[in-house]
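Scroll down for the structure; my scribbles are underneath it.
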Amino acid sequence: MLRRSPQGESRDTGRVVELKVEEDGDLHIALHDVTGDKPGVVVCEVPAKPQWCEIRTTWTPTRFPFHTGTAKKLTFGQSPIITVIGKAFWDLGHAPKDQGNRRKYMPDYAVWEIHPVMKLDVQ
C-alpha cells in the first residue's frame, strides 16, 4: 500500500514478484504485499539515467546501463522484500475509462506507480 510522506514522497514495502526492463531501459519492479494476503501489485520504476544506476546495482547482479530493443523480463533468485521511496505517479496510459485504480489489461496491477524510485532498500 502506497504511503505518502509530508515531503511528497511515497513509500511502499513489498515482495518483488516481477522484474523487467522496458525498451527505453527503465527498470520495472512489481511489488506485492509482503505476506501475500492483500490483493494488488504496485509497479515501481527506476529510470535508465546514470543517476539511478546505483539503485539498480545494489541488489541485482545485472550490469547497468545496458540497452535492449525489446522489453525483457529479468530473473532473480528468491523473491526479495524491498522498500522503495519515490514519487507517486498516476499512469494515465494504464487507467480504465472510469479512472479506477486497476489497470485495463492487468487488473491485478494498480494504476498508481512509484516513478521515479529515488531510494531502494533490500530487507
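Listed cross-link partners K20/K49; K49/K87; K38/K87; K87/K119 are compared with a 18 Å cut-off, the Cα-Cα value being larger for K38/K87. Counted by Cβ distance under 11 Å from Y109, the other residues give a net charge of -1, where Lys and Arg count +1 and Asp and Glu count -1.
Every number here is computed from the coordinates shown, using simple stated rules; none is lab data. These numbers were taken from a predicted model, which means no experiment stands behind them. Here the Cβ is made from the backbone with ideal geometry for all residues, glycine too, and neighbour counts use every protein chain on show.
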